[in-house]
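Accompanying notes for the structure given below.
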Amino acid sequence: MTRRRDFLKAASFTGMAAVMSGTGCQTMGRPKNNAGSVMGLRAPALDEVRVGFIGVGARGPGAVKRLCNIPKTRVVAICDVYEDRVAKSAADVVALGQKDPARYFGSEEAFKKMCERPDVNLVYVCTNWEWHVPMALYAMQCGKHVCVEVPIAMTVEDCWLLVKMAERTRLHCMMLENVCYGENELLALNLCRKGVLGELVHGEAAYIHDGRGGYLKENDNGEAFKQFRFKWYQRHTGNLYPTHGLGPVCQYMNINRGDCLESLASMSTLPFGFGSAAADKFGPESPQAKTTRAIRMGDMNTSIIRTRLGKTIMVQFSLCSARPYTRLNLISGTKGTLADFPLRVALDPNSQDWMNDKALQELQAKYVHPLWSKHGETAQKMGGHGGKDYLMESRLCQCLLNGLPLDQDVYDGVTWSSLVGLSEQSVLNGGSAVEVPDFTRGAWRTAEPLG
């Protein structure tokens, strides 16, 4: 059975066509090979979004049901290694009034046959990180638009593979960063677009979420330690999950659309929290304590980024700090600052203090983002992280149906995800600054800002 590493080795960009030869992909109306930037790409409008869905384990089933409730969108095929998962999600599709979708299962390569279906025009990848890149590459090679869970890639090399394939095929490749559609994040975006905060100077982003409890359950028999995420914690350091905090801040600051990330310096603490919590609960010589003491991921990673225009962004990551959940979500300009968790705003001429509750509520009412004022109630009913997922998915389908550029393109996805590899590189070099690749190859200079 072909494993992910073998697939990527064979599918280096220069050899991709040879790898795909002999598959159904060659005859599926792939767009012409006019290599070049896909910044602002307007693909031909679809008459209907027909989704092939990969991965219905944890988050996938909810996404399948939400897609069935989006106008002119059908789930026509579902794929997972496990047959029972596919059957359950297929039943959900039928229960929501759509035709019984085609089913693919039983092999890690079953997704290929699904991608080759002529009726699929969007592939939705909701698997573990290791399969994001090979599945996205294969989907685009088969002439399909693709959207992928976060992070879209875990190495800079994989990021470049996605960029080159998207440019070669002229297809959309979107990372599903749902936090960009949060109510407070869209409020911040609107304030930035309206100039309320002045010229933006500095942003702060984070994913600080004490997740130790999920790995230190009684009578778990070590099953949690076998999950793909924990295996990454054992092998890697740096920021392994940057996009939830960084994505919205990059959109506020017009990164890739008027400015560009330039360099990054990153440092991590040593790993203390996992081992300490395991020792307290199970004993210092327990298997759990020994396993958690062996991880490489530090308790707290802090990265500082400088942009080409001289702005800065701080990004933090922690899964084992005794701290309340936060993404920070701070954006500061020459006329004011918005900070989140809890939401606060300070504006000139009284920027020495945060607005009082009444003034903040008035500001929120005045600058609520149109996506939330028009569709927020529906989104909350449909669910998915308080409605963020539904807004993201319905907006994606709207863009595909109308031939519009996506809110998040391939350059955004890989830029935000590149911090995984770049932060580790900097940490291992004592915090030395590393260059952030310009995945747009200069197209950021003339790209239109996000509306």
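The values are calculated or read from the model by the stated rules, or taken from the named source; none is laboratory data. These numbers were taken from a predicted model, which means no experiment stands behind them. Quick reminder, even Gly has a Cβ in these numbers, built from the backbone with ideal geometry, and neighbours come from all protein chains shown. Each accessible area value is taken on the protein alone, full model and side chains, heavy atoms only, with ligands, DNA and RNA left out. Shrake-Rupley method; radii C 1.70, N 1.55, O 1.52, S 1.80 Å.
Residues 127, 378, sorted by accessible area with the largest first, give 378, 127 [1.4 Å probe; ligands and nucleic acids excluded].
With R₀ set to 25 Å, the beta-carbon distance separating residue 272 from residue 219 gives a calculated FRET efficiency near 0.45.
Taking the Cα centre of each part, how many Å lie between the range 207-236 and the range 365-417? Answer, in whole Å: 30.
With 0.36 nm allotted per residue and the present C-alpha distance subtracted, the residue 108-residue 83 stretch has 7.8 nm of extension available. Panel note: the C-alpha atoms of the chain, placed on their principal axes, show extents of 64, 57, 44 Å (largest first). Proximity of backbone amide H atoms, modeled 1.01 Å from N, is registered between residue 344 and 339 at under 5 Å, excluding neighbours fewer than 5 places apart on the same chain. Within the chain, the longest segment free of exposed loop sites, counting chymotrypsin sites (Phe, Trp or Tyr not before Pro) that fall outside DSSP classes H, G, I, E and B and have at most 12 other Cβ atoms within 10 Å, spans 83-324.
Here the Karplus relation 6.51 cos²θ - 1.76 cosθ + 1.60, evaluated at θ = phi - 60°, turns the backbone of the range 445-451 into coupling constants of 5, 10, 5, 6, x, 4, x Hz, with x for every Gly and Pro.
Counted over the chain, the DSSP beta bridges are approximately 50% antiparallel. An oblate overall shape is assigned to the range 45-138, the ratio a/c of its alpha-carbon gyration tensor axes (a ≥ b ≥ c) being 1.5 or greater and a/b not exceeding b/c. Computed on the chain, with alpha-carbon pairs under 8 angstrom and 6+ residues apart, the relative contact order is 21 percent. When nucleic acids and ligands are ignored and a 1.4 Å probe is applied, residue 186 ends up with an accessible area of around 10 Å². In loop segments of the range 136-243 as defined by DSSP, the trypsin sites (Lys or Arg not before Pro) with at most 13 further C-beta atoms inside 10 Å of their C-beta are 194, 217. A probe of 1.4 angstrom, applied to the heavy atoms of all protein chains, finds residue 304 with accessible area near 80 square angstrom. Among the lysines of the range 182-286, pairs at least eight places apart or on separate chains and with Cα atoms under 28 Å apart come to 5. Treating r as the C-beta distance of residue 45 and residue 373 and R0 as 30 Å, the FRET efficiency rounds to 0.70. Each helix, a run of at least 4 DSSP H residues, gives -39500 (n - 2.57); summed and divided by the residues of the chain, these come to -11000 deg cm²/dmol at 222 nm. For residue 172, the residues 5 or more places off, or on other chains, whose built amide H falls under 5 Å of its own are 146.
Here's the picture: charge each Lys and Arg Cβ at +1 and each Asp and Glu Cβ at -1 in the range 137-226, and of 142, 211, 176 the one pushed furthest to the positive end of that dipole is 142.
A dipole drawn for the chain from +1 and -1 charges on Cβ atoms has a positive end, and of 410, 192, 202 the residue lying farthest that way is 410.
Ranked by solvent-accessible area (1.4 Å probe, protein heavy atoms only, all chains present), the residues 145, 375 order from largest to smallest as 375, 145.
The simple spin-label model puts a point 7 Å past each Cα toward its Cβ; for residue 304 and residue 366 those points are separated by 3.5 nm. Taking every DSSP beta bridge that has both ends in the range 225-309, the antiparallel portion is near 90%.
Mean separation of Cα pairs under 8 Å and 6 or more residues apart, divided by the residue count, gives the range 170-299 a relative contact order of 28 percent. For residue 447, the amide hydrogen comes within under 5 Å of the amide hydrogens of 258, counting only partners 5 or more places away or on other chains and with H modelled in the peptide plane.
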